[in-house]
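The values are calculated or read from the model by the stated rules, or taken from the named source; none is laboratory data. Keep in mind the model is a prediction, meaning the values are calculated, not measured. Quick reminder, even Gly has a Cβ in these numbers, built from the backbone with ideal geometry, and neighbours come from all protein chains shown. Keep in mind that these areas ignore ligands, DNA and RNA; they rest on the heavy atoms of the full protein, side chains included. Shrake-Rupley method; radii C 1.70, N 1.55, O 1.52, S 1.80 Å.
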Amino acid sequence: MVISIPKGTKDILPSEVYRWHWVEESFRDCCARYGFSEIRTPLFEHTELFKRGVGDTTDIVQKEMYTFELAGRSLTLKPEGTSPVVRAYIENKLYAEPMPAKYYYNIPCFRYEKMQKGRQRQFHQFGIEIFGTENMMADAEVIALAMDYLSGLGIDDLSLRINSIGCPACRTEYKKVLQEYLAPKLDILCDTCKDRFDRNPMRILDCKSPVCKEATRDAPRMIGYLCAECKEAFEDLRDNLTALSIPYTIDTDIVRGLDYYTKTAFEIVSDKIGAQSTVCGGGRYDHLIEEIGGPPTPGVGFGLGIERLLLVLDAAGIRIPKPEPCDVFIAVLGNEPRAQALQIAQSLRSAGYKILTDVMGRTLKAQLKYADRSEASYTVIIGEDELQKGVVSLRNMKQSTQKEIKIDEITAEIR
Ligand code: ATP
Ligand code: MG
């Protein structure tokens, strides 16, 4: 029986991987322009890290983690990127370095979720984090980087939505108000939200179920209950975005829903990719680093779903430049010229050209057919005649023309 790929995962085939390279390279470039350095953390961590870093009450920790036991330890494939970065920051005492700390990453994430368009069980994320400042300049920079990156790819019709989810002080107050409002409607909420009512009532606000949406339509929102400090921070953020000429709307339904998430929450949304429309989600987490055992350090960052980004690029009809697969195919006729052919191939590769050679011992006709299918721009043909004369035949594959040239003239001809 043929073994198939696990549900919720996808192969990225050679014919499409150039699209990944393109978005990855642009992301690296963009992060460098904003002074972020890459950080790479392991694929799995101690389960406890995510229980603390994502939060025991979240959907991720409650039912979505790929957790396994090995040698008496509980390990989990990373469902998200921030907690591992925080763990590495603390463990390597990176807080001793100049502040703020600015990191980016490109990671696979694993979540046992229901399969839908734009929702996989292994998916990929770009992320950035800034540790060490409460200043809303950092939040604005995080958002600016995301918007800059996306518009650099040619996507300019995404909408930025921002919200403030307050701090533990004002949120405790607000949670009570919200629970009072929702208590009489508890019966009609979806099962997940019934469950959220006690542990995480704010999450009910961003439930996608139409019933819950209707039930919470007129519910009080956090934004109306912010303390003076949170209110001022939100004003600062808005001023900074205005200064950066970044348009936004305030969406009071955006919730990160964890105790250590604070103040800024934002999403970048596309209306072209269906129900899973959030391409990028981020916000501030001023109590997370302390929660994981580090010195009290504020932080802010985002996660950007790469599969959803590629869906947006498709939907917007953005053509991703496809690299030329092959500059020159080196065809050999007969046994004698093989050594010469190999030397030509290696010297052209050293000079930076993409070179294919015949590694199957095929006939000249078959080699030329393969050169054609490989989309080679040129074919160098070397047979016994050519070898004796110290020349090669150079075939221009697009124009179907051919001429004899000296070996040292090849690079000048194929330029
Ligand atoms: P959603 O509401 O779409 O489930 P989330 O709040 O769970 O998102 P985050 O944890 O903030 O998502 O992750 C950041 C980004 O990663 C999302 O905005 C999305 O683009 C992407 N993402 C999250 N879960 C998945 C998934 N299962 N498959 C593909 N992409 C995902
Ligand atoms: Mg989710």
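Values computed for the structure shown
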{"read-out": "Between segment 279-356 and segment 14-83, the Cα center-to-center distance that results, in Å", "value": "18"}
{"read-out": "Rounded accessible area of residue 389 (nearest 10 Å², 1.4 Å probe)", "value": "120"}
{"read-out": "Highest-MSF residue in the chain out of 356, 189, 310 [GNM, Cα springs under 10 Å]", "value": "356"}
{"read-out": "Dipole in debye (nearest 20) - segment 358-411, about Cα centre, beta carbon charges: Lys, Arg +1; Asp, Glu -1", "value": "260"}
{"read-out": "Loop GluC sites (Glu not before Pro), segment 133-205, which have at most 10 other Cβ atoms in a 10 Å radius of their Cβ (DSSP)", "value": "none"}
{"read-out": "Loop-resident sites, segment 8-53, for GluC sites (Glu not before Pro), counting at most 13 other Cβ within 10 Å (DSSP)", "value": "16"}
{"read-out": "Segment 90-138 and segment 244-277: distance between their alpha carbon centers, rounded to Å", "value": "16"}
{"read-out": "Residue 94 - accessible surface, heavy atoms, 1.4 Å probe, Å² rounded to 10", "value": "30"}
{"read-out": "Of the trypsin sites (Lys or Arg not before Pro) in segment 12-116, those whose Cβ has at most 13 other Cβ within 10 Å and which sit in DSSP loop", "value": "40, 93, 114"}
{"read-out": "Where segment 156-271 is the region considered: accessible area per residue in Å², 1.4 Å probe", "value": "49"}
{"read-out": "With all protein chains modelled, accessible area of residue 21 [1.4 Å, Å²]", "value": "90"}
{"read-out": "Mean separation of Cα contacts under 8 Å (6+ apart) over length of the chain, as relative contact order %", "value": "14"}
{"read-out": "Per-residue ³J(HN,Hα) for segment 224-230, Karplus 6.51 cos²θ - 1.76 cosθ + 1.60, θ = phi - 60°, Hz, x for Gly and Pro", "value": "x, 10, 5, 6, 4, 5, 5"}
{"read-out": "Listed residues 393, 50, 326: farthest to the positive end of the dipole of the chain (Cβ charges)", "value": "393"}
{"read-out": "Over segment 328-414, relative contact order from alpha-carbon pairs under 8 Å, at least 6 apart, %", "value": "30"}
{"read-out": "Fraction of accessible area attributable to carbon and sulfur, segment 307-415 (%, probe 1.4 Å)", "value": "48"}
{"read-out": "408, 314, ranked by accessible area, largest first (probe 1.4 Å)", "value": "408, 314"}
{"read-out": "FRET E, pair residue 195, residue 92, Förster distance 60 Å, beta-carbon r, rounded to 0.05", "value": "0.95"}
{"read-out": "Accessible-area ranking of 354, 406, 175, largest first, probe 1.4 Å", "value": "406, 354, 175"}
{"read-out": "Average Cα contact separation per residue, segment 20-124, under 8 Å, 6 or more apart, as relative contact order %", "value": "28"}
{"read-out": "Of 149, 94, 74, farthest towards positive along the dipole that unit charges on Lys, Arg, Asp, Glu beta carbons give the chain", "value": "74"}
{"read-out": "Charge tally in the Cβ shell below 12 Å around residue 315, where Lys, Arg are +1 and Asp, Glu are -1, residue 315 excluded", "value": "0"}
{"read-out": "Under-17-angstrom lysine pairs by C-alpha in segment 1-114, whenever the two are 8 or more apart or on separate chains", "value": "8"}
{"read-out": "For the chain, built as a Gaussian network whose Cα springs stay under 10 Å, the top-fluctuating residue of 13, 75, 150", "value": "13"}
{"read-out": "Gaussian network model of the chain, Cα within-10 Å springs - most flexible of 154, 72, 361", "value": "361"}
{"read-out": "Per-residue ³J(HN,Hα) for segment 76-91, Karplus 6.51 cos²θ - 1.76 cosθ + 1.60, θ = phi - 60°, Hz, x for Gly and Pro", "value": "9, 5, 5, x, 6, x, 5, 4, x, 5, 4, 4, 5, 4, 6, 4"}
